[in-house]
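Okay, so here's the structure we're looking at.
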Amino acid sequence: MNQPRPPPRHPALWVPSLYLAMGVPNATVAVVSTIMYKNLGISNMDIVLYTSLMYLPWVLKPFWAPFLEPYLTKRLWVLSMEFLMAVVIGLVVFVLPLPGFFRLSLALFWVAGFASGTQDIAADAVYLTTLPQKDQAKWMGLQGICWNCGSLLATGPLVVVTGKLHDSYGYDWTHAWMVVIGLLAGVMLLFGLWHTWTLPEGEPSALHGGGMAGAWKALDKTWITFFQKKSIWMMLLVVFMYRFGEGFIERFGPLFLMDPRSVGGMGFNNQAIGSIYNTYGTIGFLAGALVGGLFAAKFTLRRSFFFMAVALNIPHVTYYYLSHALPDNMALVSAIVTIEKFGFGFGSIGHMLYMMQQIAPGPFKMSHYAFATGVMALTKMSTGWISGPIYEFFHHNYPSFFFFVLLASIPPILLAWFAPFPQSADSATGPAAAVEPGKRS
């Protein structure tokens, strides 16, 4: 006879920390590595090519999600991946002083990326199968904020620490980054230890104990039902293109701010970059996400979607302006970046809502939402992959590159105008319709 499961601990003990633990490794692999490699002398071309490929684990989430369910529990998958990431990120510390550090650290970041993607799948499953629907809506806002705070912890104060160690205490870049990467590994270890005590099991999967045969059957069924959805190809095109221009900003924005003025960059050091992104960028992003959520709730997604796409893409003109004017006023640059981040926060709500309300609904909400977020990650990977050759085509000229970004931001706006909405407002309610404010997968 099955023993009843113990009641889960209060969501306040595990929801914030769970999504903080999801944001930290995502930002470490996708963004922090870019800044680190720049400091360590890797060329812009190699940085954008190889770091963009590290989005592949998030692209492939729909392929291996069904294979997690027959084995372990959702809780054990989360814990094992958090401890694995602590070990793998910790190993990066030991390879940084080696002659082949670039390839070795890339390999370790790849493993961390697959572990992070697996953690994402299992953590969302814990959340969706533990909390009642009304509590899911109640905690959804905090969940999204914590995900972004985890990301900002890695890209903000810890990047500032590297600058302090280098500029104020005389550390070379290798040893400065060894300290900070070690801190990131320690953070993941602490999350794993905390969740050993606080994280609930989640609802057992219907495939649990079914072995590989059940997983293959589930994979086949989720794929078939996904591509049977009405207007699915047009919806996927909308999802893929929505953040197309933003993908170039995400890859080259930090490099532009860090490159010396002699080559057309802004010439900021790590401390300035951390301050711009962590303080002003955070305020703008979270304010935009909050206002965007209220805007969509008031006017409905169908009526607000086009305006949210405009809000996300038009502020890309800020980088075009910076590349021409190259102002040296820190307050002005911070204000301009804040405007761009506000637009991103506002517009990204429409993107997440569209995937949740129009693509995810059906018998396989979690798997189909993973499909959609995989397409979103594919945008980041592909734009990062081609951004280097485009930058090379324009002879490393930032004004020309950011003018191209402006052109690339037009199709997303047009597609948002023609985006299909096969799901009615009533059929898109429930867990899949709840929004995670500003969550960046």
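Since every read-out is calculated from the coordinates, none of them should be taken as a lab result. Keep in mind it's a predicted model, so treat the numbers as computed, not measured. Here the Cβ positions follow ideal geometry from the backbone for every residue, glycine too, while neighbour counts run over all protein chains shown.
Observations on the model:
- Here the dipole of region 229-421 is about 780 debye; that uses its Cα centre as origin and unit charges on the Cβ of Lys and Arg (positive) and Asp and Glu (negative).
- Dipole of the chain computed with +1 at Lys/Arg Cβ and -1 at Asp/Glu Cβ about the Cα centre; of Gly163, Val78, Ala185, farthest Cα towards the positive end is Val78.
- Cα gyration tensor shape for region 11-222, rounded if a/c is under 1.5, else prolate or oblate: prolate
- Given 15 as the ceiling on other Cβ atoms within 10 Å, longest exposed-site-free region of the chain for trypsin sites (Lys or Arg not before Pro) in DSSP loops: 10-229
- Normalising the average separation of contacting C-alpha pairs (under 8 angstrom, six or more residues apart) by the number of residues puts the relative contact order of the chain at 25 percent.
- Three-way shape label, the chain, alpha-carbon gyration tensor, a/c 1.5: oblate
- Cross-link pairs Lys74/Lys221; Lys229/Lys341; Lys38/Lys74; Lys217/Lys298; Lys221/Lys298; Lys74/Lys164 - those with Cα-Cα distance over 31 Å: Lys229/Lys341; Lys38/Lys74; Lys217/Lys298; Lys221/Lys298; Lys74/Lys164
- Among Thr129, Val310, Val405 the positive-end extreme of the charge dipole of the chain (Cβ point charges): Thr129
- Take the Cα of Trp417, go 7 Å toward its beta carbon, and the backbone nitrogen atoms of region 305-341 under 20 Å from that spot belong to 305-317.
- Cα gyration tensor shape for region 341-432, rounded if a/c is under 1.5, else prolate or oblate: prolate
- FRET E, pair Thr196, Leu104, Förster distance 35 Å, beta-carbon r, rounded to 0.05: 0.70
- Per-residue Karplus couplings for region 104-111, computed as 6.51 cos²θ - 1.76 cosθ + 1.60 with θ equal to phi - 60°, are listed in order as 5, 5, 4, 4, 5, 5, 4, 4 Hz, Gly and Pro entered as x.
- When shorter helices are ignored and each DSSP H run of at least 4 residues is given -39500 (n - 2.57), the per-residue value for the chain at 222 nm works out to -23000 deg cm²/dmol.
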